[in-house]
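Asks: Have a look at this one.
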Amino acid sequence: MGTGTKADGCASAPSPHPRPNGQDRYTISEVVAFIGLTAHTLRWYERIGLMPHIDRSHTGQRRYRNRDLDWLTFVGKLRLTGMPVADMVRYAELVREGDDTFTERQELLEQTRRDVRTRITELQDTLAVLDYKINFYADARPASERL
């Protein structure tokens with residue numbers, strides 16, 4: 001990293017997942033318990049390039065670190081936005097390419113934010129329709145059933 005640049009560890013806010021104090025090595029089973037993804041999904045993320053290189057023990061067992069758990073938490077947030085997997089992989093590639101990609105990463109996240117805001121508006125409109133219908137049916141019931 002160059003002087004005067006900001007590191008992008010891709011960590012989200014402090015992790016809601018409890019981690020043992022001082023521990024920075026986790027098996028795939030422990031990560032499954034912390035993050036809530038399946039082992040199959042974790043291996044798939046690694047295969048498609050969504051996960052950085054995962055260290056391995058001398059027996060070949062994956063050893064995840066706290067920064068990997070932070071990244072997985074962030075990826076989970078991206079999934080919730082509805083970001084396509086291809087865009088998530090592209091974002092991961094940009095992170096690995098370094099500081100020169102800050103602008104492209106920012107643009108990708110800004111587009112995702114616009115998409116999320118659009119979806120929120122659509123969902124608010126849908127919620128208003130549901131509220132209207134629920135109130136219609138509540139008001140249409142005979143008074144004896146409203147008690």
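The values are calculated or read from the model by the stated rules, or taken from the named source; none is laboratory data. Being a predicted model, the structure only gives us computed values, none of them experimental. Positions of Cβ are generated from backbone atoms using ideal geometry, with glycine treated the same way; all protein chains shown enter the neighbour counts. Ligands, DNA and RNA are excluded from the accessible area calculation, which covers all protein heavy atoms including side chains. Shrake-Rupley method; radii C 1.70, N 1.55, O 1.52, S 1.80 Å.
Asks: Looking at Glu97, Glu93, which is the one that is loosely packed, with under 12 Cβ neighbours inside 10 Å, under 29 Å from Asp24 (Cα atoms) and among the acidic types (Asp, Glu)?
Replies: Glu97
Asks: Just give me the residues in the stretch 88-146 being among the β-branched types (Val, Ile, Thr) and touching a residue at least 24 places away in the same chain (Cβ under 8 Å), in sequence order.
Replies: Val89, Val95, Thr112, Val116
Asks: Also: I need every pair where a residue in the stretch 33-54 that is modelled with pLDDT of 95 or more has its Cβ under 8 Å from the Cβ of a residue that is of a type in the set (Ser, Thr, Tyr) and surrounded by fewer than 16 Cβ atoms within 10 Å (Cβ to Cβ), sequence separation at least 6 or different chains.
Replies: Note: pairs meeting the criteria are Ala39/Ser29.
Asks: Still on this model: Of the numbered conditions (1) touching a residue at least 40 places away in the same chain (Cβ under 8 Å); (2) exposed (fewer than 12 other Cβ atoms within 10 Å of the Cβ); (3) more than 12 Å from Leu50 (Cα to Cα), Thr73 fails exactly one; give the number of that condition.
Replies: All conditions pass for Thr73, except number (2).
Asks: I need the full set of residues from the stretch 36-77 which are touching a Ser or Thr at 6+ places or on another chain (Cβ under 7 Å) and closer than 17 Å to Arg96 by Cβ, in order please.
Replies: Asp70, Phe74
Asks: Right, something else. How many residues, within the stretch 71-110, are charged (D, E, K, R) and under 29 Å from Leu123 (Cα atoms)?
Replies: Adding up the residues that qualify gives 8.
Asks: While we're on this one: Is it the case that Met83 is part of a loop (DSSP other than H, G, I, E, B) and at pLDDT 95 or above?
Replies: yes
Asks: Kindly establish whether Tyr91 is modelled with pLDDT of 95 or more and part of a helix (DSSP H, G or I).
Replies: Against the criterion (modelled with pLDDT of 95 or more and part of a helix (DSSP H, G or I)), Tyr91 qualifies.
Asks: Is it true that Arg141 is of a type in the set (D, E, K, R), open to solvent by 70 Å² or more (accessible area, probe 1.4 Å) and modelled with pLDDT of 95 or more?
Replies: It is false that Arg141 is of a type in the set (D, E, K, R), open to solvent by 70 Å² or more (accessible area, probe 1.4 Å) and modelled with pLDDT of 95 or more.
Asks: Mind checking which residues of the stretch 40-55 are more than 18 Å from Asp70 (Cα to Cα) and open to solvent by 60 Å² or more (accessible area, probe 1.4 Å)?
Replies: His40, Arg47
Asks: While we're on this one: Determine which member of the set Glu145, Glu107, Glu93, Glu122 is closer than 30 Å to Gly49 by Cα and over 17 Å from the mean Cα position of the chain (by Cα).
Replies: Answer to the selection: Glu107.
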